[in-house]
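S.K.: The structure's right below; bear with me while I get my questions together.
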Amino acid sequence: MKLTFYKYQGTGNDFVMIDNRSLSFPKSNTQLVAHLCDRKFGIGADGLILLENHPEYDFKMVYYNSDGNESSMCGNGGRCLVAFAKHMGVITDKAEFEAVDGYHYATIDSDSTVALQMIDVDTIEVHNTYSFLNTGSPHHVQLENDLKTLDVKEKGAAIRYSDLYGAAGSNINFVSQLTNDSFAVRTYERGVEDETLSCGTGVTAVAIAMYETKKTNSNRVQLKVEGGDLAVSFEKNGNVYTNVFLIGPATFVFEGEIEI
Ligand SMILES: N[C@@H](CCC[C@H](N)C(=O)O)C(=O)O
C-alpha cells in the first residue's frame, strides 16, 4: 500500500505530515512511525504529525517523536501543521486546533511565518544551575559559557537520563546570552534522543526562564537556534505567563509516496 506524505521543516526541526482526516493511518503502529522517520531507511524526520478532523476546531494535531511514540506538544511541529493545513485548504490565515496539551490559536502570513499560541505557564522551578518548566513539553534550561564546542548529545543524554527526571525524562536546553533580549539555544530532544536543529517548546521555555530569572527584561525574546531564528513573546500576569506566542518560519520541503 502506498502512503502519501508531505515533508515540512521549521528552523530545521523536520516533520513528516500525513492527512489523516479519513482516519486510515494505523496510529498505534510504533514501528511504522519510527520507520517513516528513519533517515536511512525511511523519509527522515524528527517527528511525524497527523492532521485530523475536530468536531469544534479547524483540526486536531497528533504528534509522534521519531522513536515512533506519541508524545507531548511540539511547538515547531504545530507551526508546520498550520502551514500544512493551509496547503490542504483546511484554513486560510488563522487556525484554531486541539493538540495533546489542549487548545491552540495560530496565524499564518503570506511568507509562511506562523505565530502559534502556546499554553499558559504558571509553574517554573528555579534551581541554582538550571530551571525546569513545562511549555507543553517538559524542559530543562541551563546556561553554558561555551555553547559552540558543547557535546549536546552526550551532556543532554546524561541529564535527560539522570535521577532528576526519572523514567519520563525531559528535553534539555543549553543557552548562551547574546544581548539583553536574545539568546543562542541548542537542544537535546527526548524521543529523538539527539540534538535537533531547533525545538519550539524548548525556546519558549528558554524565553520564559530567562525572563523569570531576570536575565532579560524584555517580553519579546529572540532565539538563535542551529537551524535559524525564532521569537517568543508573552505577558506576565501575576505568576502566570500568558499570551505566549512562538513565532517563526514553517516551510514545505517536498511531498511523495512511500510503500508501507
Ligand atoms: N521539537 C518539539 C518538541 C517535541 C516533543 C519532545 N521531543 C518531547 O517528547 O518532549 C518542539 O518543537 O517543541
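S.K.: Yes or no: region 232-253 includes at least one residue that is part of a loop (DSSP other than H, G, I, E, B), touching a residue at least 12 places away in the same chain (Cβ under 8 Å), touching a strand residue (DSSP E or B) at 6+ places or on another chain (Cβ under 9 Å) and surrounded by 14 or more Cβ atoms within 10 Å (Cβ to Cβ).
M.R.: Checked against the condition, which is being part of a loop (DSSP other than H, G, I, E, B), touching a residue at least 12 places away in the same chain (Cβ under 8 Å), touching a strand residue (DSSP E or B) at 6+ places or on another chain (Cβ under 9 Å) and surrounded by 14 or more Cβ atoms within 10 Å (Cβ to Cβ), region 232-253 yields at least one hit.
S.K.: Quick check: is even one residue across region 197-206 farther than 21 Å from Y8 by Cβ, away from the ligand (no atom under 16 Å from the Cβ) and not assigned by TED's automatic domain parsing to the domain that holds G102? Before the answer, list the steps.
M.R.: Restricting attention to region 197-206, the residues satisfying the condition of being farther than 21 Å from Y8 by Cβ are 205-206.
Now restrict to residues that are away from the ligand (no atom under 16 Å from the Cβ): none.
Checking region 197-206: not a single residue is farther than 21 Å from Y8 by Cβ, away from the ligand (no atom under 16 Å from the Cβ) and not assigned by TED's automatic domain parsing to the domain that holds G102.
S.K.: Residue check, I91 against (1) more than 18 Å from S198 (Cβ to Cβ); (2) more than 14 Å from the ligand (Cβ to nearest atom); (3) part of a strand (DSSP E or B), all met but one. Which one?
M.R.: The failed condition is (3).
S.K.: Taking E189 as the residue in question, decide whether it is surrounded by 20 or more Cβ atoms within 10 Å (Cβ to Cβ), within 16 Å of the ligand (Cβ to nearest atom) and outside the structural domain of T30 (by TED's automatic domain parsing). Before you say what the answer is, go through the steps one by one.
M.R.: Values: surrounded by 20 or more Cβ atoms within 10 Å (Cβ to Cβ): yes; within 16 Å of the ligand (Cβ to nearest atom): yes; outside the structural domain of T30 (by TED's automatic domain parsing): yes.
Spelling it out, E189 is indeed surrounded by 20 or more Cβ atoms within 10 Å (Cβ to Cβ), within 16 Å of the ligand (Cβ to nearest atom) and outside the structural domain of T30 (by TED's automatic domain parsing).
S.K.: Let me ask you something else. What number of residues within region 122-158 satisfy the criterion of being over 19 Å from the mean Cα position of the chain (by Cα) and under 13 Å from E193 (Cβ atoms)?
M.R.: The total comes to 2.
S.K.: If you don't mind, another one. Being at pLDDT 95 or above, β-branched (V, I, T) and within 16 Å of the ligand (Cβ to nearest atom), is that true of even one residue in region 101-109? Working first, answer last.
M.R.: Of all residues in region 101-109, those at pLDDT 95 or above come to 101-109.
Add one more test, that the residue is β-branched (V, I, T), and what stays is 107-108.
Narrowing the set further to residues that are within 16 Å of the ligand (Cβ to nearest atom) leaves none.
Scanning region 101-109 turns up no residue that is at pLDDT 95 or above, β-branched (V, I, T) and within 16 Å of the ligand (Cβ to nearest atom).
S.K.: Would you say A184 is in a strand (DSSP E or B), among the small types (G, A, S) and out of contact with any helix residue (DSSP H, G or I) (no Cβ under 6 Å at 6 or more places or on another chain)? Even if it seems obvious, please write down each step before you answer.
M.R.: Details: in a strand (DSSP E or B): yes; among the small types (G, A, S): yes; out of contact with any helix residue (DSSP H, G or I) (no Cβ under 6 Å at 6 or more places or on another chain): yes.
Here the answer is yes, as A184 does meet what is asked.
S.K.: Something else about it: For region 52-83, how many residues meet the condition of being out of contact with any helix residue (DSSP H, G or I) (no Cβ under 6 Å at 6 or more places or on another chain), away from the ligand (no atom under 15 Å from the Cβ) and not in a loop (DSSP other than H, G, I, E, B)?
M.R.: Total satisfying the criteria: 2.
S.K.: Between a first residue in region 76-87 that is at pLDDT 95 or above and a second residue that is within 8 Å of the ligand (Cβ to nearest atom) and assigned to a helix (DSSP H, G or I), which pairs have beta carbons less than 8 Å apart while being 6 or more apart in sequence or on different chains?
M.R.: Partner pairs satisfying both residue conditions: N76/G200; G77/G200; G78/G200; R79/G200.
S.K.: Looking only at region 42-67, which residues are charged (D, E, K, R) and surrounded by 24 or more Cβ atoms within 10 Å (Cβ to Cβ)? Give the derivation first.
M.R.: Filtering region 42-67 for residues charged (D, E, K, R) gives 46, 52, 56, 58, 60, 67.
Result: D46, single match.
S.K.: Would you check which residues across region 1-24 are more than 16 Å from the ligand (Cβ to nearest atom) and in contact with a helix residue (DSSP H, G or I) (Cβ under 9 Å, 6 or more places away or on another chain) and list them? Before you say what the answer is, go through the steps one by one.
M.R.: Initial filter on region 1-24 (more than 16 Å from the ligand (Cβ to nearest atom)): 1-6, 18-24.
Within region 1-24, L3, F5, Y6, I18, D19 qualify.
S.K.: Return the residues of region 159-181 that are among the small types (G, A, S), within 19 Å of the chain's Cα centre (by Cα) and part of a strand (DSSP E or B); say none if nothing qualifies.
M.R.: Let us first name the residues in region 159-181 that are among the small types (G, A, S), namely 162, 166-170, 176.
Adding the requirement that they be within 19 Å of the chain's Cα centre (by Cα) leaves 168-170.
The answer is none; no residue qualifies.
The values are calculated or read from the model by the stated rules, or taken from the named source; none is laboratory data. Computed from a predicted model, the values in this text were never measured in an experiment. Don't worry about glycine lacking a Cβ; one is built from the backbone with ideal geometry, like all the others, and counts go over all protein chains shown.
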